[in-house]
Amino acid sequence: MKIYNTLSRSKEEFVPLEEGKVKMYVCGPTVYNLIHIGNARPMIVFDTVRRYLEYKGYDVNYVSNFTDVDDKIIKKAIEEGTTAEVISKRYIEECKKDMAGMNVKPATTHPLATEEIGGMIEFIQTLIDKGYAYEKNGTVYYRTRKFKDYGKLSHKNLDDLQSGNRSLLVSGAEEKEDSLDFVLWKPKKEGEPYWVSPWSEGRPGWHIECSEMSKKYLGEQIDIHAGGEDLIFPHHENEIAQSEAANGKEFSKYWMHNAFLTIDKVKMSKSLGNFFTVRDIAEKYDLQVLRFFMLSVHYRSPLNFSQELMEAAKNSLDRIVTAAERLKEFSAGEADQVTEAEQEVLAQAGTYLQKFETAMEDDFNTADAVTAIFELVKLANTGVTEESSHALAATLYAQLKQMADIMGIIIEKKAEILDSEIEALIEERQAARKAKNFARADEIRKQLSDMGILLEDTRQGVKWKRA
Ligand code: AMP
Ligand code: ZN
């Protein structure tokens, strides 16, 4: 299996640190708002990597954090007149709902930065003790030039970086020894959440969070560290500087980065305002369509979002689901055996599985893997009929399901829930509330929520939508 490693800028054979095991860390979102579909790309891509590794028999320890303390969270809390904790807890819950909708498996561990501050303080202390960090007026900085390998991931040269930073040096009230140095710990401002440390009441910098959480949950050395390509510099470069200086060993063997999801060829981002949230998409499509759309291209290629491509993804997915339904129908009945004549179809199906695996082994080329799925669908539609043996249909169904499972696509048709059914339940809930039978009213709300129906009580009455 080959993985493109940002460190070497080449595809390398994947050899895990420990046989049969993979330790993988994926930088998670900062939780101050609903996630947009750009944020969803790494979630879907690396969940698919994980699923393939598991299919190959690896025991994958998958860690993905939530950054739940950050300027943007604090700003949002001030706007709403509440605490940063209320904001981050709310959006972690919402993010988990979106992940479930996109069939992204929960990580083995989802650490929260705010619950790991003690470890981060110890980590920073180690860096100070080793001479890689220093404190000035309550702020702790990393001494970038001391780390000889700085720039090895982003392939940047320190002197180029320095000249780019010069204006900053002149204009800023500089207390850093060097403009390249970055923050490990910073003192609180009035009203901000803080933790007590040997240097000041304050909070950690963003980069140290991941170095610490990765170390705590996976150990000093890991197999794969991943995220969107905007994280290569400075976030991942700084993580390497921190972890390798503190632990004295190579941090991660492989660094994987997904390309951007764009809109009109521009990176989708919160700050530019050119985004759709996963929730926006869910109003119009099953989130499986979004997942399928994301996997229709290789993860290192930019992907431009458009209505037409989403429609195309929807139609493609429908074709797979319809073929699967048909196979399932033909596989029902008394046990039989694949006939001599059908052996050829089976053999052909086997070559498509081979093709699928070859594509995935080549740096997770999901675009080619999807092509192999379609070849199987075509074969199923022409090579299996009502007259075929049940065993043939069942075998092809199992194979299609296997490939779809790896992509995180569910091929069983979801039971349709009719609007009338939902409205009848809502009416029953209103009646229960009128009769002060709140237990029953809550029960109905829960039942609806399990069906993926969200209720909102408004002044105009109860509104509902599909989650
Ligand atoms: P953030 O919350 O901005 O730290 O982003 C969380 C994850 O989403 C990171 O891995 C980012 O690299 C990734 N990400 C953000 N915007 C995009 C985008 N437009 N396309 C692909 N990945 C993105
Ligand atoms: Zn990170």
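The values are calculated or read from the model by the stated rules, or taken from the named source; none is laboratory data. All values reported here derive from a predicted model rather than from experimental measurement. A quick note on method: Cβ atoms are made from the backbone with ideal geometry, for glycine too, and the neighbour counts reach across all protein chains shown. Just the protein is used for accessible areas: all its heavy atoms, side chains included, with ligands, DNA and RNA removed. Shrake-Rupley method; radii C 1.70, N 1.55, O 1.52, S 1.80 Å.
The set of residues in the range 406-423 that are open to solvent by 60 Å² or more (accessible area, probe 1.4 Å) and small (Gly, Ala, Ser) comprises Ala415, Ser420.
Is it the case that Gly248 is within 16 Å of ligand 1 (Cβ to nearest atom), more than 29 Å from Met310 (Cβ to Cβ) and more than 21 Å from the chain's Cα centre (by Cα)? Steps first, answer last, please.
On the way: within 16 Å of ligand 1 (Cβ to nearest atom): no; more than 29 Å from Met310 (Cβ to Cβ): yes; more than 21 Å from the chain's Cα centre (by Cα): yes.
For Gly248, the condition - within 16 Å of ligand 1 (Cβ to nearest atom), more than 29 Å from Met310 (Cβ to Cβ) and more than 21 Å from the chain's Cα centre (by Cα) - is not met.
Taking the range 257-267 as the range and being open to solvent by 10 Å² or more (accessible area, probe 1.4 Å), within 24 Å of Tyr4 (Cα to Cα) and in a loop (DSSP other than H, G, I, E, B) as the test, the residues that pass are Phe260, Lys265. Counting residues in the range 62-70 that are of a type in the set (D, E, K, R) and at pLDDT below 95 gives one or more.
Somewhere in the range 318-325, is a residue near ligand 1 (Cβ under 10 Å from one of its atoms) and either open to solvent by less than 10 Å² (accessible area, probe 1.4 Å) or in contact (Cβ under 8 Å) with a residue 40 or more places away in the chain (or both)? Steps first, answer last, please.
Start the filter on the range 318-325 by keeping residues that are near ligand 1 (Cβ under 10 Å from one of its atoms), which leaves none.
Checked against the condition, which is being near ligand 1 (Cβ under 10 Å from one of its atoms) and either open to solvent by less than 10 Å² (accessible area, probe 1.4 Å) or in contact (Cβ under 8 Å) with a residue 40 or more places away in the chain (or both), the range 318-325 yields no hits at all.
Pairs linking a residue in the range 96-108 that is in the same structural domain as Thr48 (by TED's automatic domain parsing) to a residue that is part of a loop (DSSP other than H, G, I, E, B) and of a type outside the set (Phe, Trp, Tyr), with Cβ atoms under 6 Å and 6 or more positions apart or on different chains, are Asp98/Ile35; Asn103/Gly408. In this structure, is Ala241 touching a residue at least 40 places away in the same chain (Cβ under 8 Å) and outside any loop (DSSP other than H, G, I, E, B)? Answer is yes for this residue. Among the numbered conditions (1) at pLDDT below 95; (2) assigned to a helix (DSSP H, G or I); (3) in contact with a helix residue (DSSP H, G or I) (Cβ under 8 Å, 6 or more places away or on another chain); (4) not small (Gly, Ala, Ser), the only one that Glu334 does not meet is (2).
Yes or no, residue by residue, for (1) more than 12 Å from ligand 2 (Cβ to nearest atom); (2) open to solvent by 50 Å² or more (accessible area, probe 1.4 Å); (3) assigned to a helix (DSSP H, G or I); (4) of a type in the set (Lys, Arg):
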residue: Arg203; (1), (2), (3), (4): yes, no, no, yes
residue: Ile224; (1), (2), (3), (4): yes, no, no, no
residue: Trp255; (1), (2), (3), (4): no, no, no, no
residue: Ser269; (1), (2), (3), (4): yes, no, no, no
residue: Leu290; (1), (2), (3), (4): yes, no, yes, no
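Residue check: is Leu184 surrounded by 18 or more Cβ atoms within 10 Å (Cβ to Cβ), in contact (Cβ under 8 Å) with a residue 60 or more places away in the chain, within 30 Å of the chain's Cα centre (by Cα) and in a strand (DSSP E or B)? Considered against the rule, which asks whether it is surrounded by 18 or more Cβ atoms within 10 Å (Cβ to Cβ), in contact (Cβ under 8 Å) with a residue 60 or more places away in the chain, within 30 Å of the chain's Cα centre (by Cα) and in a strand (DSSP E or B), Leu184 comes out as yes. Does at least one position in the range 368-375 carry a residue that is more than 18 Å from Val321 (Cα to Cα) and open to solvent by 10 Å² or more (accessible area, probe 1.4 Å)? Yes, the range 368-375 contains a residue that is more than 18 Å from Val321 (Cα to Cα) and open to solvent by 10 Å² or more (accessible area, probe 1.4 Å).
Scan the range 386-431 for residues that are within 30 Å of Met360 (Cβ to Cβ) and among the acidic types (Asp, Glu) and jot them down.
Kept after step one, since they are within 30 Å of Met360 (Cβ to Cβ), are these residues of the range 386-431: 388-414.
Asp405, Glu412, listed by residue number.
Yes or no, residue by residue, for (1) among the hydroxyl-bearing types (Ser, Thr, Tyr); (2) at pLDDT 95 or above; (3) closer than 17 Å to Ser211 by Cβ:
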{"position": "Met43", "(1), (2), (3)": "no, yes, no"}
{"position": "Glu54", "(1), (2), (3)": "no, yes, no"}
{"position": "Lys76", "(1), (2), (3)": "no, yes, no"}
{"position": "Ile87", "(1), (2), (3)": "no, yes, no"}
{"position": "Glu115", "(1), (2), (3)": "no, yes, yes"}
{"position": "Ile121", "(1), (2), (3)": "no, yes, yes"}
{"position": "Ile124", "(1), (2), (3)": "no, yes, yes"}
{"position": "Tyr132", "(1), (2), (3)": "yes, yes, yes"}
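Determine whether Ala282 is over 12 Å from Ala40 (Cβ atoms) and either surrounded by 19 or more Cβ atoms within 10 Å (Cβ to Cβ) or modelled with pLDDT of 95 or more (or both). Here the answer is no, as Ala282 does not meet what is asked.
For the range 424-452, which residues satisfy the criterion of being among the basic types (Lys, Arg), part of a loop (DSSP other than H, G, I, E, B) and open to solvent by less than 60 Å² (accessible area, probe 1.4 Å)?
First, the residues of the range 424-452 that are among the basic types (Lys, Arg): 429, 433-434, 436, 440, 445-446.
Subset that is part of a loop (DSSP other than H, G, I, E, B): 436.
Passing the criteria: none in range.
When the range 121-151 is filtered for residues that are open to solvent by less than 60 Å² (accessible area, probe 1.4 Å), farther than 10 Å from Trp185 by Cβ and part of a loop (DSSP other than H, G, I, E, B), the ones remaining, listed by number, are Gly131, Tyr132, Phe147, Tyr150, Gly151. Could you tell me which residue of the range 292-304 is least open to solvent (accessible area, probe 1.4 Å), considering only residues that are touching a Leu at 6+ places or on another chain (Cβ under 6 Å) and not in a helix (DSSP H, G or I)? Among residues in the range 292-304 that are touching a Leu at 6+ places or on another chain (Cβ under 6 Å) and not in a helix (DSSP H, G or I), the one least open to solvent (accessible area, probe 1.4 Å) is Leu303.
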